[in-house]
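Visitor: Pasting a structure here, questions to come.
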Amino acid sequence: MTDGLITAADVERAAELLRDVVRHTPLQRCERLSALTGARVWLKREDLQSVRSYKIRGAFTLMSSLTEAERAAGVVTASAGNHAQGVASACRVLDVKGRIFVPGTTPRQKRDRIRALGGDHVELIMAGESFDECAAVARANAEETGAVMVPAFDDDRIIAGQGTVLLEIVDDLVGVPDALVVPVGGGGLISGMAAWLATCETTGADAVRLIGAEPEGAASLAAALDAGRPVPLADLDTFVDGASVGVIGTRTFAHVRGFKRLETCQVSTGAVCTQMLELYQVEGIIAEPAGALAAAALAEGGLTFEPDTDVVVIVSGGNNDISRYSEVVERSLVHVGLKHYFIVNFPQEPGALRRFLDDVLGPDDDIALFEYVKRSNRDSGPALVGIELGRAEDLDPLLARMDAANLVIERIDPESSTYRLLT
């Protein structure tokens, strides 16, 4: 790439700088996803990085370039959690003071890790409910105090550092893969890879499929490609907190937009949750939502690959708060069609609930939630009923038995705002 954009040489210099700082994380064959796609699927395990994500690469690359005066002024950053951990670790190693701003939605596990990694070198401050709100507060603080702003993604040094993930992949495969599936939030990781692929001399690099996996509710790259420039999203779903960015970076977009084999793939929250559980139960990998995003795109995003090709999926982070797993399981059950909610208007008479259990529920169905909404009169009362099926295909028979029952039953539409409150 040209026009002032970084090149493969910049990424390679960052790799030399990071040689004794970051771990060369494993590239592991994934038999489950290989069988699903027919390709050879490899997992790049950045969840095993020193700060459990690739973000240390960019943070350290930028901060090591600061002058003595800049280091003395300290640094400020905003992050959903993983970049903050990279900055915190770099603050301690480089002996730099830092103020780290995180949104109120940042899981406690990530906040605790930031404090543990940075120690006395960092001050943690919660601001805003999204990354973009938090970043605005951090920028204002940097301007007011004279500290150096360390962006989460939109800086050429950050981009070069994140791109070093690809150099390890190429080393381990002894060549470039046929496809890379990369999680996208602000675009630092995918743009670093695009910059190296577009300007290196490695055979076949310009033919690599570069697939950006985004949450359906935070698809900032797809929006920018449609508009021809970074544009703010009207609505932002923050569940995939590590990739929930309302507008992709200006510099990151400049690096990625011209890559000729760029694709995007949007993934539902339910698909991400299902893949988190699959990674844990099958591969033994604890992935955060953003860490499972690329695997979810591969599993459910409609991507196809030629047989006998090498596809690398980036597992970008493993900073998941265990307290979130109940919500993850719930969203996954809904996604795979095993959990459904209904409003059942029960007559207020003896045996009404027993008839519902006997006549409506199937042998493998289970009531997972039962809560009276209110008793509207002495004759009847609506109840919120959550039913977990034994198999997804049991839904149609259940609905048929509900239609045949002498009850007023309303299924809650999975696309409704009421349903989203439940999940």
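Visitor: Over the range 59-122, what is the relative contact order in percent, taking alpha-carbon pairs closer than 8 angstrom and at least six residues apart?
Guide: Values: 90 pairs, mean separation 23.7, N = 64.
Averaging sequence separation for qualifying contacts and normalising by length gives 37 percent for the range 59-122.
Visitor: I would also like to ask the following. If amide H atoms are built 1.01 Å from N in the plane of the peptide, which residues on other chains or at least 5 residues away come under 5 Å of the amide H of E123?
Guide: G98, R99, I100
Visitor: Using Cβ contacts closer than 10 Å as the measure, can you line up W42, W196 from fewest to most? If you can, show how the numbers build up before the last one.
Guide: Values: W42 23, W196 30.
Going from least to most buried by this count: W42, W196.
Visitor: Among DSSP beta bridges whose residues both lie in the chain, state the antiparallel percentage, nearest 5.
Guide: Working: 23 of 54 bridges.
Of all bridge pairs located within the chain, approximately 45 percent are antiparallel.
Visitor: Spelling out what I want: for every residue of the range 126-143, take phi, set θ = phi - 60°, compute 6.51 cos²θ - 1.76 cosθ + 1.60 (Karplus), and round to whole Hz; glycine and proline get x.
Guide: Along the range 126-143, the couplings run 8, 8, x, 10, 9, 4, 5, 5, 5, 5, 5, 5, 5, 4, 4, 5, 5, 5 Hz.
Visitor: Pop out the ³J(HN,Hα) list for the range 202-218 in order, Karplus 6.51 cos²θ - 1.76 cosθ + 1.60 with θ = phi - 60°, rounded to Hz; leave Gly and Pro as x.
Guide: Result, rounded to whole Hz: 6, 4, x, 4, 6, 9, 5, 6, 10, 10, x, 8, 10, x, 4, x, 8.
Visitor: While we're here: Give me Y325, Y54, Y372 sorted ascending by neighbouring Cβ count inside 10 Å, so fewest comes first.
Guide: Ranking Y325, Y54, Y372 by Cβ neighbours within 10 Å, fewest first, gives Y372, Y325, Y54.
Visitor: Continuing with this model, one more query. Working from the pairwise distances between different alpha carbons, so that the mean of 1/r is found and then inverted, what is the range 309-414's Kirkwood radius in Å?
Guide: Numbers: mean 1/r = 0.0629 Å⁻¹.
Mean inverse Cα-Cα distance, inverted, gives 15.9 Å.
Visitor: If you don't mind, there's one more thing I want to ask. Under a 5 Å amide H to amide H cut-off, with H placed in plane at 1.01 Å, what residues pair with F370 once short-range neighbours are removed?
Guide: G386
Visitor: Where does helix 8-18 land angle-wise versus the long Cα axis of the chain, in degrees 0 to 90, nearest 10?
Guide: Once rounded, the angle reads 90 degrees.
Visitor: Could you tell me the largest-minus-smallest coordinate of the C-alpha atoms of the range 26-162 on each of the three principal axes, in descending order and whole angstroms?
Guide: Over the range 26-162, Cα extents along the principal axes are 55, 32, 26 Å.
Visitor: Which is farthest toward the positive dipole end of the chain among A14, V282, G317, measuring Cα position about the Cα centre, with Cβ charges +1 (Lys, Arg) and -1 (Asp, Glu)?
Guide: Of the options given, the answer is A14.
Visitor: Which aspartates and glutamates have a Cα less than 19 Å from the Cα of K97, not counting those fewer than 8 places away in the same chain?
Guide: Here the aspartates and glutamates satisfying the reach criterion relative to K97 are E68, E70, D112, D120, E123, E143, E144.
Visitor: Among E393, E327, what is the fewest-to-most ranking by other Cβ atoms within 10 Å?
Guide: Working: E393 9, E327 13.
Sorted ascending by nearby Cβ count, the order is E393, E327.
Visitor: Quick one: which residues, 5 or more positions from Q266 or on another chain, have an amide H under 5 Å from its amide H? H modelled 1.01 Å from N in the peptide plane, none for Pro or chain starts.
Guide: Amide H to amide H, under 5 Å and 5 or more residues apart or across chains, Q266 pairs with E214.
Visitor: Calculate log10 I(q)/I(0) of the chain for q = 0.08, 0.09 Å⁻¹, where I(q) comes from the Debye formula with a single equal point scatterer on each Cα and nothing for solvent.
Guide: Computed log10 I(q)/I(0) values: -0.48, -0.59.
Visitor: Next question, about the same structure. Each residue of the range 60-77 in order: what ³J(HN,Hα) in whole Hz does its phi give by Karplus 6.51 cos²θ - 1.76 cosθ + 1.60, θ = phi - 60°, with x for Gly and Pro?
Guide: 5, 4, 5, 5, 6, 8, 5, 6, 4, 5, 5, 5, 5, 6, x, 10, 10, 8
Readers should treat all values here as calculations from the given coordinates under stated rules, not as data from a laboratory. Everything numeric here is computed off the predicted structure, so don't read it as measured data. All Cβ positions, glycine included, derive from the backbone under ideal geometry; neighbour counts span all protein chains shown.
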